[in-house]
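The values are calculated or read from the model by the stated rules, or taken from the named source; none is laboratory data. As the structure is a prediction and not an experimental result, all values here were calculated from the model. Cβ placement follows ideal geometry from the backbone for every residue including glycine, while neighbour counts extend to all protein chains displayed.
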Amino acid sequence: MISDNVIIKVEDLKKWFPIRKGVFVSLFSKKQEFIRAVDGVSFEIVKGEVFGLVGESGCGKTTVGKTILRIIEPTSGKVYFKGIDILKLSRSEIRKLRRRMQLIYQDPFESLNPRMTIYNLVGEPLSINKLVNNVDEKVEKVIKALEDVELKPPETFLDKYPHELSGGQRQRVAIARALVLQPEFIVADEPVSMLDVSIRAEILEIMLKLKEHYGISYLFITHDLALARHICDKIAIMYLGRIMEIGDVEDVMRNPMHPYTKALLDAVPDITESKLKISIKGFVPQSPINIPPGCRFHPRCLETMDLCRKEEPQLLKVNGKHYVACHLHN
Amino acid sequence: MLPPSLIIDNLKTYYETRSGAVRAVDGVSFQIEVGEAFGLAGESGCGKTTIALSIMRLLPRNGRIVNGKILFKGLDLTEATLREMNKIRWKRISMIFQGAMNALNPVHKVGDQIVEAIVAHDGVEKREALERAGKLMEMVGLSTDMINKYPHELSGGMKQRVIIAMALSCNPELIIADEPTTALDVIVQAQILKLIGELKAKLNLSLMLITHDLSIISELCNRVAIMYAGKIVEIGDVKNVCRGPLHPYTQGLVAAFPSVREEKRKLSYIPGSPPDLLNPPSGCRFHLRCSKAMDKCRMEEPKLAKVNNTFIACHLYD
C-alpha cells in the first residue's frame, strides 16, 4: 500500500524507444532494436521533498521526468500520483491531473514564446484550465504568481516580452507559469544550468521557499552533483537507464558506495583545492542500444569482478534508506 | 626570466550601437607569462570573450578597440595589419571557441578539417599534413584512425579533443580557450581539463582560459583575473583569490559556488544583475550590488592596488 505522504511512486518504469531503420534494412533484418532510455527504475517521492535525479547526458533522467508527467508514454511499469495510477487515466483525465503536476524546463530562452507578453505567458495556463472567470481574477492571479517568484514590482512586468528580461528573470517567469496552477508536484529539469553561477542560488532559493509555502514536492533533474548536495533531500544516481545508488543526499555524498558515484564525485572540480581524479575507464559512454551484459557499468568500472560481467546487480539496502546496485556490496 | 608572452595594457573595446557605445571592455591590463595558465572569470556579459576577440582581432563589425595596447612578443596586435595578423592567428596564437565542437563541418571527415587548418596556415603538402593530423590525434588521446570519422560518429568529449588537436596543429605559443568544457558532462570535463593541463606542460604553452566557472580555473590555472562590467576587480594567484577573496564581488562569486565536498548549506547569491554597459554606473561599477558600498564608492572609481599579494580595485582597502 502506498502511504499518504508519498506523492509520486514509480515502479519498474521502462521506456524503450524503437529504432527506425530504412526500408531495405527492415526488410532483411527481423530484429527490432531499441534504445533502452529508461530500463527499470523504481523510487518514491515523499510530500515536501526535493528528490534529485543525477546522471550524465543520455542516462535517461529527462525521460523519467517526462514519463512521470505522461508527456512520454512509458513502455512498461507503473507511476502513481498520490495513489492514482496515472498510466491508466484517459487523455482528458490526465489533462485535468496535469494541473497538479508541472514541468520547468532547462532553457528559459527557448521555453517562453517570444511573441507573448509576460501577462499572457503566465495567464495562459489559467485560461486553458478554466480556472478564472473574468479578466480581473486573471490579472490578480498572475500578479500573485509574479510576486511569488519575486519579480518586483509585478505590474511593471505584465506588458513586457521575454527578450526584455534577463536569463534569471525569464526562468522566474517559467516558474510563475508552473506555479499559477497551484501544483503539488513539479519536475524541474536542470532549472538553473543555463544561468550564471552568481544568480543560480537566488532562483533555487525561490523554488525552495515556494516548496515551504505551498507544500510543493520537486523532482530535481540535474547533472551537477555539487548543486544536488545543497538542494536535494534525497538523491538517485542514474547510469544508462538504471538507478545505481539512491539514498539521503548526505549519506550518498559522505559515503558513496557505487564506483560510478565515486567516479562522478572525483571528477567534480573544486574551487578551494585541486583534487580532480579520473576514476573511470575509457571516455566513451556506452550506448543505450547495446547495453553491456551483467552490470551495465562494468566496462568502465575499475573494480570489475567476474560476477559483474554475468549478473545484473539489484538495488539492495546498505543501511537505512541507502540502496546500491553493485556486487561489491552484496 | 623570459619576457611575458602577452601584455595587455589599458585595453578599451567598445561596441557601437544605435543608442551609443557599449563599453564592453573598459581599461583592462594584465600579462601572461610564458608557460603560464591564466584564468579570466566573470559573469556573462562582463567582457571576457571581447578581450579574446580583441587579441585575435576577430571583433564583429561594430566592435572597435578604442584604446590600449596588446603586445604579443613585442608586436602591438592592435596596430597589426591583416597580413601580419594572418601570420599570427593559429600559427602563434590559436583559439578554442565556445561551442566549437558543434561547429565542426558535418560533411567532412575530422582529419580533413585538421589538414585544412594545417595546409592553410603552414603551406605544407597535404600528405605531410595528414601525417601530422594523425600524430595530433594521438596527442589528444584519440586513435589515429579517428581522422577518417565524421563528426556525428564522435561523442562530445571526442569532438572537443579534435578541436584541441586543431588548435595545436600549427604549434602555437599561446592558446586562448573560451569555455572549453561548458557543454560537457562532469567526467568528460575532468578528462579534457586533465588533457589541457598535460599538453600545456609538455609543450610549454601559455594558456588563457576564459570561463564563468571558478572551479575550472582553480584546477588549471596559476593566476586569475576576476572581471566585472568590463573591468578587472581582482587579480592574483588562484590560491589567494579562490580561497581568500578580498573584493566583495569575488567574495560573492566564491560564496555562490556550491562545493560537492562541503556539508549541505544555504547557498548565497549576489542580488541584482550586472549594469547596462551603455551607461555604466558612476564610481565603482559594482556599488549598486555591493553590500559594503560607501559614499566614496558611488563617486570615485577605485584603482587596482596591491593588498597582500593580490591586486584589488576596491575602496575598502584604501
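Give me the residue from the stretch A:215-248 that is of a type in the set (Ser, Thr, Tyr) and more than 11 Å from the chain's Cα centre (by Cα) and, out of that set, surrounded by the most Cβ atoms within 10 Å (Cβ to Cβ).
Going through the qualifying residues, I end up with A:Tyr239.
Among the residues of the stretch B:243-258, count how many are in contact (Cβ under 8 Å) with a residue 12 or more places away in the chain and closer than 21 Å to A:Leu195 by Cα.
The qualifying residues number 9.
Looking at (1) in contact with a Cys (Cβ under 8 Å, 6 or more places away or on another chain); (2) without any contact (Cβ under 8 Å) to a residue 24 or more places away in the chain, which is the one condition that is false for B:Ile88?
(1)
Of a type in the set (Lys, Arg), in a loop (DSSP other than H, G, I, E, B), surrounded by fewer than 23 Cβ atoms within 10 Å (Cβ to Cβ) and free of Cβ contacts under 8 Å to residues at least 12 places away in the same chain: is that true of A:Lys160 in this structure?
Against the criterion (of a type in the set (Lys, Arg), in a loop (DSSP other than H, G, I, E, B), surrounded by fewer than 23 Cβ atoms within 10 Å (Cβ to Cβ) and free of Cβ contacts under 8 Å to residues at least 12 places away in the same chain), A:Lys160 does not qualify.
Which ones in the stretch B:222-273 are more than 15 Å from B:Leu40 (Cα to Cα) and of a type in the set (A, V, I, L, M, F, W, C)?
Hits for the stretch B:222-273 are B:Leu246, B:Ala255, B:Ala256, B:Phe257, B:Val260, B:Leu267, B:Ile270.
Return yes or no: is B:Leu209 within 29 Å of B:Gly63 (Cα to Cα) and within 13 Å of chain A (Cβ to nearest Cβ)?
Criteria met by B:Leu209.
Would you mention how many residues in the stretch A:176-195 are β-branched (Val, Ile, Thr) and modelled with pLDDT under 95?
2
For the stretch A:201-284, give me every one of the helices (runs of 4 or more DSSP H) that falls completely inside it and has 1 or more residues that are within 12 Å of chain B (Cβ to nearest Cβ) and more than 22 Å from A:Glu190 (Cβ to Cβ).
Result: A:249-254, A:259-267.
Of the conditions (1) within 23 Å of A:Leu195 (Cβ to Cβ); (2) over 26 Å from the mean Cα position of the chain (by Cα); (3) surrounded by fewer than 17 Cβ atoms within 10 Å (Cβ to Cβ), A:Glu110 satisfies every one except a single condition; which number is it?
The number of the failed condition is (2).
Go through the stretch B:60-94 and give me each residue that's assigned to a loop (DSSP other than H, G, I, E, B) and either touching a Leu at 6+ places or on another chain (Cβ under 8 Å) or more than 15 Å from B:Ala120 (Cα to Cα) (or both).
B:Pro60, B:Arg61, B:Asn62, B:Lys73, B:Gly74, B:Leu77, B:Thr78, B:Glu79, B:Ala80, B:Thr81, B:Arg92 - these are the residues of the stretch B:60-94 that are assigned to a loop (DSSP other than H, G, I, E, B) and either touching a Leu at 6+ places or on another chain (Cβ under 8 Å) or more than 15 Å from B:Ala120 (Cα to Cα) (or both).
Return yes when A:Leu307 is within 14 Å of chain B (Cβ to nearest Cβ) and either surrounded by 14 or more Cβ atoms within 10 Å (Cβ to Cβ) or farther than 18 Å from B:Ile192 by Cα (or both) and no when it is not.
no
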